[in-house]
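Only the coordinates and a few stated rules stand behind these numbers; no lab work does. Because the structure is a prediction, the values reported are computed rather than measured. Using ideal geometry, Cβ is built from the backbone for each residue, glycine included, and neighbour counts are taken over all protein chains shown.
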Amino acid sequence: MSALLAVDIGNSTIGLGLFPEPAGSEKIFLKKIPLRPARSAAAYKKIIADFIKLRTSAPNLLNLRIDAVFSSVVPSLNETIVKSLTEITGKKPLIVCHKLECGLNLAVITPSAIGADRIACAVAGFHYFKKPLAVVDFGTATTVTVIGKNRSLVGGAIMPGLYIMQRALHENTAKLPLIPIKTPRTVLGINTISSITSGIVHGTAGAVETLIKSMEKELGFRLKLVLTGGHAKLMSPLIKRGHLLKPNLTFEGLRLIYLKNRGNEHSCTN
């Protein structure tokens, strides 16, 4: 079995996840590349190749068998990254979209509009619970993705992420500062900075819990909860209902989709 490189292009970073034994283990090595500035295919190739060499202790890639699986919500970068991955592995990566077999029924009005990252998170979330659940991804956007009965991805919600809220308050007001994102000491802010921090962080936690509670009322059944994304660890203590914390859920979903589709020549276009 080859090693597996999972690549996820998000709105803020390009995530690399290397699975040394993709069929038998969730063990993963991670690296994040800032989305900006944009780089050439050759530059990305070097960054990715150096990451693989470091994590496999290989002096070069000639003796390594590596497959790649790829998801993206930034179409303008797809061709560049796919070119880099193809040159590293000797074959095109498996590109994830709604057309691939993923083990879920995409029961929404426009399946093609579902982000590949949300599909991957839904696949991995269902893998852990095997029952209705909500996956909350605290990334650039905060997204809720719901898997209902009969393995059906039935919808969700999208709201601004913590950094978007932070920047929006600073850029659209005359006096509010750009504050660091961290856990507030109290809900009641005692100055401008603590008030903004509380509003962003506690406000997001409350919004997520309210959304899920309302979704459960509409669906008529309770949902398990999985938290993921770059701010999941920060948000986890503030979410009062029981949940599973899986910061690397997108990569795990990409691994599972790869295992379902390996050897299949069908892949989505880039």
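Please rank 51, 129, 251, 19, fewest neighbouring Cβ atoms within 10 Å first, as an exposure proxy.
Sorted ascending by nearby Cβ count, the order is 129, 51, 19, 251.
From the backbone phi of region 152-160, what are the Karplus-calculated ³J(HN,Hα) couplings (6.51 cos²θ - 1.76 cosθ + 1.60, θ = phi - 60°) in whole Hz, Gly and Pro given as x?
Each residue's phi maps through the Karplus curve to give 9, 7, 9, x, x, 8, 9, 9, x Hz.
Given springs between every Cα pair under 10 Å in a Gaussian network model of the chain, which of 122, 58, 41 has the largest fluctuation?
58
With the calculation restricted to Cα positions, what are the radius of gyration and Dmax of the chain in angstrom?
Gyration radius and largest Cα-Cα distance of the chain: 19.4, 60 Å.
Find how many whole Å separate the alpha carbon centroid of region 16-51 from the alpha carbon centroid of region 216-238.
Cα centres, region 216-238 to region 16-51: 28 Å.
Neighbour counts of other C-beta atoms within 10 Å: give me 67, 50 arranged from fewest to most.
Sorted ascending by nearby Cβ count, the order is 50, 67.
Just the ratio, please: alpha-carbon radius of gyration of region 105-252 over 2.2 N^0.38 Å, N its number of residues.
My calculation over the Cα atoms of region 105-252 gives 1.09.
Could you work out [θ]222 nm for the chain from helices alone, using -39500 (n - 2.57) per DSSP H run of at least four and dividing by all its residues? Round to the nearest 500 deg cm²/dmol.
Per the formula, -12000 deg cm²/dmol.
Under 17 Å from the Cα of residue 217, which aspartates and glutamates turn up, not counting those fewer than eight places away in the same chain?
Result set, ordered by chain and number: 209.
For residue 224, which lysines qualify as cross-link partners when the Cα separation must be under 16 Å and same-chain residues fewer than eight apart are set aside?
Within the straight-line limit of under 16 Å, residue 224 reaches these lysines: 130, 131, 149, 213, 240, 246.
Taking Cβ-Cβ under 4.7 Å as the only way to count a partner, pick out the unpartnered cysteines of the chain.
By the Cβ distance rule, which asks for a partner under 4.7 Å, the isolated cysteines are 102, 121.
For region 1-134, report the convex hull volume of the alpha-carbon atoms normalised per residue, in Å³, without decimals.
120 Å³
Given contacts defined as C-alpha pairs under 8 Å and at least six residues apart, what's the relative contact order of the chain, whole-number percent?
Once normalised by length, the contact order is 19 percent.
Efficiency by 1/(1 + (r/R0)^6): what FRET value for residue 149 and residue 57, r their Cβ-Cβ distance, R0 = 41 Å, to the nearest 0.05?
My answer for the efficiency is 0.35.
Of all beta bridges DSSP finds with both residues in region 105-252, what is the antiparallel percent, to the nearest 5?
The antiparallel proportion sits near 60 percent.
Give me a comma-separated list of calculated 3J(HN,Hα) values for region 98-104, in order, Karplus coefficients 6.51, -1.76, 1.60 applied at θ = phi - 60°, integers in Hz, x for any Gly or Pro.
5, 7, 6, 5, 10, x, 10
Taking K and R as +1 and D and E as -1, what net charge do the other residues with C-beta under 10 Å from the C-beta of residue 227 add up to?
Once positives and negatives cancel, what remains is +1.
For each of 118, 55, 185, 222, count neighbouring Cβ atoms within 10 Å of the residue's Cβ, then give the residues from fewest to most.
185, 222, 55, 118
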